[in-house]
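Comments concern the structure below.
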Amino acid sequence: MYCDECKKRPATVHVTKIINGQKSEVNLCEECARAHHKEWSMAYDDNFPINKFLAGLLGFDAGKATGSVSLNLHAPGKCEHCGANYNQISQSGRLGCHQCYDRFQDKVEPLLRRVQGSNRHTGKVPKRSGGSIRLQREIQSLRAKLQQHVNNEEFEQAARLRDQIRELEKGMAE
Amino acid sequence: MRDRFVNQALTKWMEGTGKESEIVISSRVRLARNLCNIPFPNVASKAQAQAIVGQVEAAIKDAEIEETAGDLIFVNLEALEPLDRAVLVDKHLISPQHAEEASGKGLILRADEAVSVLINEEDHLRIQCLFPGLQLEEAWELASRIDDLLESKLDFAFDEKLGYLTACPTNVGTGLRASVMMHLPALVLTNQASRVLASLSQIGMTVRGLYGEGTDATGNLFQISNQVTLGRSEEEIIANLVVVATQLIDHERMARQVLLKETNPQLEDRVCRAYGALTSARIINSQEAMTLLSNVRLGIDLGIIQGVSPRVLNEMLVLTRPAFLQKLAGRELSPFERDVQRASLIRERFSLDG
Ligand SMILES: [Zn+2]
Ligand SMILES: [Zn+2]
């Protein structure tokens with residue numbers, strides 16, 4: 001499916017607009033969705049109800065309100081960890097706990113792409129709790145290299161990498 | 001010790017020092033952080049909220065943190081009177097939301113007030129660094145150091161893909177909101193402010209008027225901050241904002257030169273009338289005071305008014321706020337009484353310099 005706006009790039013963001021009870025679907029590529037977001041962000045000011053705005057973006061029953069926008073995704077249940085259900089989250093515009101990001105991933109991801117223009121952190125990594133993430137990243141890149149050596153039938157190098165990976169994995173288990 | 005933060009009006013960022021301090025009033029960096037395995041403050045139970053306050057209080061009592069970050073004082077907000085909390089809001093040390101419902105909330109302050117850590121506001125932790133003038137890099141470095149120190153004792157909620165997890169998706173990633181408070185009277189006088197500032201929202205910056213209703217900036221003060229917190233590194237966010245602030249400083253300086261050259265008598269009249277009103281008024285509301293103070297400050301910066309400290313605007317920003325006036329009076333004041341008190345305080349302040 002191609003983007004309704006530019007008709008060039010594939011549509012990755014699907015928006016259901018409900019205006020005066022009339023439902024219409026808009027399918028946008030990331031770039032055009034971002035441009036839409038910029039339009040909206042012009043309205044940001046001190047008194048702008050950002051929570052309500054986000055709630056509108058998240059809300060699956062926002063159709064009751066006229067002129068609201070909601071993401072066209074199925075309605076999930078509740079977070080096992082904090083007990084927050086999707087209704088609460090969409091009303092407050094706030095997630096209940098760190099695990100809500102996982103639990104409501106299919107709702108939060110498109111929202112992040114739209115509000116933040118990105119869904120991947122490239123900044124600071126905490127030293128202690130981020131330690132395993134650093135190791136994971138290293139193991140991933142070694143595995144890719146290992147595969148390369150296997151493909152090239154360079155088994156000696158592959159064996160060396162395998163040992164290296166095992167060593168790192170031991171470090172992670174500790 | 002605790003009372004000092006409330007009773008002492010002046011705080012570091014009002015000193016009027018730091019780079020570009022004739023245009024940039026203050027630089028602020030805020031980092032949102034949450035602890036693992038405890039619901040965010042909007043969902044956490046009272047017991048969970050108190051447990052967080054306890055954990056953070058214990059973490060800052062660690063000697064290493066005090067050594068690096070300086071003297072940190074823990075304040076339980078429940079123990080403060082509502083008026084005292086309002087004073088801390090006026091000093092930009094805590095947010096209005098944090099002051100409103102004090103139950104299960106805490107605050108860590110450094111003695112010089114450059115650092116404040118809000119516990120259980122929207123997120124478990126909000127690390128804030130507030131410096132005078134344009135010092136965003138410095139504020140970020142200090143905030144990051146305090147973040148490291150707290151992280152060495154506390155488990156922060158962090159996701160490999162999404163970064164630091166926050167209650168509101170608009171803060172996820174770096175959790176970093178950096179902002180500069182700028183005094184831009186010449187851009188406003190030359191009718192360039194709305195155009196220039198509107199263009200900022202197109203490059204991912206948010207502009208707000210300080211203490212203003214809606215978008216109306218009172219006293220020609222504007223707060224410019226980054227909108228996006230995910231997909232860019234902290235250094236990129238800070239560098240972008242520095243570039244934007246520097247451009248605004250250049251624009252403002254050019255506009256000031258234009259004003260000086262072309263409309264000298266009108267400008268002098270505006271500035272001197274403002275000075276006259278501030279040193280003579282017996283009743284003055286907050287909005288009028290801010291407008292006049294902004295004009296006087298411009299007059300000081302352009303050399304039209306001499307012998308008045310440029311700090312006068314920065315100080316009066318806080319001193320003439322309702323909570324401070326009531327604190328000084330030692331009782332609750334009606335809006336009319338506040339206007340009288342405000343006028344008298346301003347006259348007193350100007351007579352010190354004059
Ligand atoms: Zn498109
Ligand atoms: Zn949850």
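The values are calculated or read from the model by the stated rules, or taken from the named source; none is laboratory data. As the structure is a prediction and not an experimental result, all values here were calculated from the model. Note: ideal-geometry Cβ built from the backbone for every residue, glycine included; neighbour counts use all protein chains shown.
Tell me yes or no: at least one residue of region B:288-301 is surrounded by fewer than 20 Cβ atoms within 10 Å (Cβ to Cβ), at pLDDT 90 or above and touching a Gly at 6+ places or on another chain (Cβ under 7 Å). Among the residues of region B:288-301, at least one is surrounded by fewer than 20 Cβ atoms within 10 Å (Cβ to Cβ), at pLDDT 90 or above and touching a Gly at 6+ places or on another chain (Cβ under 7 Å), which makes the answer yes.
For region B:222-240, the criterion of a residue being small (Gly, Ala, Ser) and at pLDDT below 90 is satisfied by no position. Filtered by the rule that a residue be of a type outside the set (S, T, N, Q), within 21 Å of B:Pro82 (Cα to Cα) and in contact with a Lys or Arg (Cβ under 7 Å, 6 or more places away or on another chain), region B:312-349 gives B:Val318, B:Pro322, B:Leu325. Filtered by the rule that a residue be of a type in the set (S, T, N, Q) and over 14 Å from A:Ser141 (Cβ atoms), region A:154-170 gives a lone residue, A:Gln157.
Does region A:159-169 include one or more residues that are aliphatic (A, V, I, L, M), within 16 Å of ligand 2 (Cβ to nearest atom) and either at pLDDT 85 or above or buried (at least 17 other Cβ atoms within 10 Å of the Cβ) (or both)?
Of region A:159-169, the ones aliphatic (A, V, I, L, M) are A:159, A:161, A:165, A:168.
Keeping just the survivors that are within 16 Å of ligand 2 (Cβ to nearest atom) gives none.
The answer is no; no qualifying residue exists.
Being in contact (Cβ under 8 Å) with a residue 60 or more places away in the chain and under 22 Å from B:Lys153 (Cβ atoms) is a condition met by at least one residue of region B:75-82.
Just one residue in the set B:Thr206, B:Thr166, B:Thr246 is assigned to a loop (DSSP other than H, G, I, E, B) and not aromatic (Phe, Trp, Tyr); that residue is B:Thr166.
Scanning region A:89-101 for residues that are in a helix (DSSP H, G or I) and either surrounded by 21 or more Cβ atoms within 10 Å (Cβ to Cβ) or facing another protein chain (nearest Cβ under 8 Å) (or both) yields A:Ile89, A:Ser90, A:Ser92, A:Cys100, A:Tyr101. When B:Thr174 is tested against (1) β-branched (Val, Ile, Thr); (2) more than 7 Å from chain A (Cβ to nearest Cβ); (3) touching a residue at least 60 places away in the same chain (Cβ under 8 Å), exactly one condition is not met: (2). The helices (runs of 4 or more DSSP H) found wholly in region B:49-154 and carrying at least 3 residues that are among the acidic types (Asp, Glu) occupy B:63-69, B:136-151. If the condition is being farther than 14 Å from B:Glu234 by Cβ, out of contact with any helix residue (DSSP H, G or I) (no Cβ under 9 Å at 6 or more places or on another chain) and more than 8 Å from chain A (Cβ to nearest Cβ), then region B:114-165 contributes B:Asp123, B:Gln135.
Every residue in region B:342-353 that is farther than 12 Å from B:Ala281 by Cβ and surrounded by 16 or more Cβ atoms within 10 Å (Cβ to Cβ), please. Don't jump to the end; show me each part of the working.
First, the residues of region B:342-353 that are farther than 12 Å from B:Ala281 by Cβ: B:348-349, B:351-353.
Answer for region B:342-353, where residues must be farther than 12 Å from B:Ala281 by Cβ and surrounded by 16 or more Cβ atoms within 10 Å (Cβ to Cβ): just B:Arg349.
B:Arg331 meets all of the listed conditions (1) free of Cβ contacts under 8 Å to residues at least 60 places away in the same chain; (2) outside any loop (DSSP other than H, G, I, E, B); (3) surrounded by fewer than 18 Cβ atoms within 10 Å (Cβ to Cβ) but one, namely (2). Among the residues of region B:104-123, the ones that are under 16 Å from the mean Cα position of the chain (by Cα) and on the phi > 0 side of the Ramachandran plot come to 1 in all.
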